Amino acid sequence: MTRLLTLSALVLLALPAVAADDACVAPAEPDGMKCIFNGSDLTDWNGDPRLWSVKDGAIRGETTAENVANGNTFLIWTGGVTKDFELRLSFRCSATNNSGIQYRSKHIQDDRVRNQWVVRGYQHEIRNELALPNVSGFIYDEGGRRGRICLAGEKAVWGEDGKKQVTGTLIDAEGFKNLFQLDDWNDVVIVAKGNHIRHYLNGSLILDFTDNDPQLALLDGVLALQLHAGKPMWAEFKNIRIKAIE
């Protein structure tokens, strides 16, 4: 029987692969990275104390059937902002729900939000899944109108006309399955300079995005970690360090 290709698979096949020498390996960690989690308590972090704690040297966010999140809620770093920066950390999470790393985002503090720790902006998605596109690494417009701005595996540009153009493929479905460590720790590097953003997972470039939208591109804002409303879940983060890029 002939196997039919899905539309998304046909699109991926039609796109040019990015050359191996096109900075597809994470850069070496630069000198001067600042550790922003001390491994023992939540100094310089602000979140719902019912849901966030430190366990075995890692930040742990957890919801249960008895202890729920009233809407998506975040642990916000209060020690600085994310303008032009390089961020490195490790994460792991359960498969029952998803989490995220917010950057260049805004802490929303008005009477319309459901809790005190609502953040909106760019989100590096975190999931404990293997099948594209529902995997870790894509950019989600948390609280915005663009949804999944750039998927894992894409090299893309969001144009001034409000449309996204995918210009290349960085990793395919099989490559992602081989790269991601299911039920284990995974290493993330996020590099953002101006309107150009790159996401690396376990040493490999999985997303390259340029945001040319004059109204919606984000160039500065807070860093935060997400706990998603809904099904009980947990997510853990460790070895969090950051450096501003000049």
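The values are calculated or read from the model by the stated rules, or taken from the named source; none is laboratory data. Treat the numbers as computed from the prediction; the structure is a model and nothing was measured. All Cβ positions, even for glycine, are placed from backbone atoms using ideal geometry, and neighbour counts span all protein chains on display. The protein model used for the area step is the full one, side chains on, heavy atoms only, and it has no ligands, DNA or RNA in it. Shrake-Rupley method; radii C 1.70, N 1.55, O 1.52, S 1.80 Å.
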Between a first residue in the range 21-44 that is at negative phi and a second residue that is among the aliphatic types (A, V, I, L, M) and in a loop (DSSP other than H, G, I, E, B), which pairs have beta carbons less than 8 Å apart while being 6 or more apart in sequence or on different chains? CYS24/VAL18; CYS24/LEU170
Any residue at all in the range 12-22 that's farther than 22 Å from PHE91 by Cβ, of a type in the set (Asp, Glu) and either part of a strand (DSSP E or B) or at pLDDT below 95 (or both)? yes
Could you list, in sequence order, all residues of the range 209-222 that are surrounded by fewer than 17 Cβ atoms within 10 Å (Cβ to Cβ) and touching an Asp or Glu at 6+ places or on another chain (Cβ under 9 Å)? ASN212, PRO214, LEU216, ALA217, LEU219, ASP220
Of the criteria (1) part of a loop (DSSP other than H, G, I, E, B); (2) open to solvent by 20 Å² or more (accessible area, probe 1.4 Å), which one ASP48 fails: (2)
So which of ILE139, ILE171 is more than 21 Å from ASP184 (Cα to Cα) and of a type in the set (A, V, I, L, M)? ILE139
So, in the range 122-142, of the ones that are of a type in the set (A, V, I, L, M) and assigned to a loop (DSSP other than H, G, I, E, B), which residue ends up nearest to LEU182 (Cα to Cα)? LEU130
Filtered residues of the range 209-246 (kept if more than 24 Å from TRP52 (Cα to Cα), in a loop (DSSP other than H, G, I, E, B) and not polar (S, T, N, Q)): ASP213, PRO214, LEU216, ALA217, LEU218, LEU219, ASP220, ILE245, GLU246
Condition first: touching a Leu at 6+ places or on another chain (Cβ under 7 Å) and either open to solvent by 30 Å² or more (accessible area, probe 1.4 Å) or closer than 11 Å to ILE242 by Cβ (or both). Can you find one or more residues in the range 32-45 that meet it? no
Out of (1) under 30 Å from MET233 (Cβ atoms); (2) at pLDDT 60 or above, the odd one out for PRO27 is which? (1)
